[in-house]
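The values are calculated or read from the model by the stated rules, or taken from the named source; none is laboratory data. It should be emphasised that the depicted structure is a prediction, and the values quoted were computed from it without experimental measurement. Here the Cβ positions follow ideal geometry from the backbone for every residue, glycine too, while neighbour counts run over all protein chains shown.
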């Protein structure tokens, strides 16, 4: 079997989407989205509910198929069933994908075994320490707060050290403390090796964390730009102007 592509050695984009369409019956959820990201890029996608942000994430991670267009992620064509793609990506979605009746450690050992990691318990303990919850590793996930569950969910998503991380509204339901802890940890995950796509409604947080910015509405990117080319202080006005002009 061929080794996974090295995201730093490859001249190809880490993510390349070309003309992505998705239809649910007569409803057009995505209408020809195209973009590319290099290794180490952090793209924040803003947009109102119903813009198709989650649908785009599901297509790029292989959780659903596109109706048209192509996508290549970490050197692999999305949608052809290549199991190697799963090892290169981590996904944090609305559902934590954790088992409430298992402890944090048991959950992460389960996922470490799924990825055939060496010393799965040691790696699980290390991942729990990285999110600052080693004191609760033997407690059932069902007893955790939303913020604690989200932190374990991120540990689950990165336990296999993926080169690409997808975050779909990771701050939903978190209190200010939980948001701050999560933000600090996500900053540590953004390296030259790891490419990140995050969807969020939090304009200030999303602008702070990303180095590329997109505004998605009605299934299209109405804006896609390097953050350095934008007036970050005036982004809220630009965002609403973009949304209003698209209605």
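In segment 187-206, what count of residues is obtained for those that are touching a strand residue (DSSP E or B) at 6+ places or on another chain (Cβ under 7 Å) and either buried (at least 19 other Cβ atoms within 10 Å of the Cβ) or more than 23 Å from residue 54 (Cβ to Cβ) (or both)?
8
Listed here are the residues, each with its yes/no results for (1) modelled with pLDDT of 90 or more; (2) in contact with a helix residue (DSSP H, G or I) (Cβ under 8 Å, 6 or more places away or on another chain); (3) assigned to a helix (DSSP H, G or I).
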{"position": "138", "(1), (2), (3)": "yes, yes, no"}
{"position": "149", "(1), (2), (3)": "yes, yes, yes"}
{"position": "153", "(1), (2), (3)": "yes, no, yes"}
{"position": "160", "(1), (2), (3)": "yes, yes, no"}
{"position": "177", "(1), (2), (3)": "no, yes, yes"}
{"position": "181", "(1), (2), (3)": "no, yes, yes"}
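Tally time: how many residues in segment 177-222 are closer than 15 Å to residue 56 by Cβ and more than 15 Å from the chain's Cα centre (by Cα)?
Going through segment 177-222 one residue at a time, the tally reaches 8.
When you check residue 173 against the structure, is it out of contact with any strand residue (DSSP E or B) (no Cβ under 9 Å at 6 or more places or on another chain), surrounded by fewer than 19 Cβ atoms within 10 Å (Cβ to Cβ), more than 29 Å from residue 72 (Cβ to Cβ) and modelled with pLDDT of 90 or more, yes or no?
no
Looking at this structure, is residue 172 within 21 Å of residue 228 (Cα to Cα), touching a residue at least 40 places away in the same chain (Cβ under 8 Å) and out of contact with any helix residue (DSSP H, G or I) (no Cβ under 8 Å at 6 or more places or on another chain)?
Values: within 21 Å of residue 228 (Cα to Cα): no; touching a residue at least 40 places away in the same chain (Cβ under 8 Å): yes; out of contact with any helix residue (DSSP H, G or I) (no Cβ under 8 Å at 6 or more places or on another chain): yes.
Criteria not met by residue 172.
For residue 112, which of the numbered conditions (1) part of a helix (DSSP H, G or I); (2) more than 18 Å from the chain's Cα centre (by Cα); (3) under 30 Å from residue 239 (Cβ atoms) fails to hold?
Exception for residue 112: condition (3).
Check 113, 107 and return the single one that is under 29 Å from residue 142 (Cα atoms), loosely packed, with under 14 Cβ neighbours inside 10 Å and at pLDDT 95 or above.
Values: 107 fails: loosely packed, with under 14 Cβ neighbours inside 10 Å.
Only one candidate qualifies: 113.
Residues being over 27 Å from residue 30 (Cβ atoms) and surrounded by 12 or more Cβ atoms within 10 Å (Cβ to Cβ): count how many of those fall in segment 221-236.
Count: 1.
So, residue 118, is that one at pLDDT below 90, closer than 29 Å to residue 73 by Cβ and surrounded by fewer than 19 Cβ atoms within 10 Å (Cβ to Cβ) or not?
no
Condition first: under 29 Å from residue 112 (Cβ atoms) and surrounded by fewer than 23 Cβ atoms within 10 Å (Cβ to Cβ). Now tell me which residues in segment 44-59 satisfy that.
Narrowing segment 44-59 to residues under 29 Å from residue 112 (Cβ atoms): 54, 56-59.
Result: 54, 57, 58.
Within segment 212-226, is even one residue at negative phi and not in a strand (DSSP E or B)? Spell out how you get there, then give the answer.
Here is the first cut: in segment 212-226, the ones at negative phi are 212-217, 220-226.
Right, trim to not in a strand (DSSP E or B) and you get none.
For segment 212-226, residues at negative phi and not in a strand (DSSP E or B): absent.
Checking residue 95 against (1) without any contact (Cβ under 8 Å) to a residue 60 or more places away in the chain; (2) surrounded by 13 or more Cβ atoms within 10 Å (Cβ to Cβ); (3) under 17 Å from residue 154 (Cβ atoms), only one condition comes out false. Which one?
All conditions are met except number (2).
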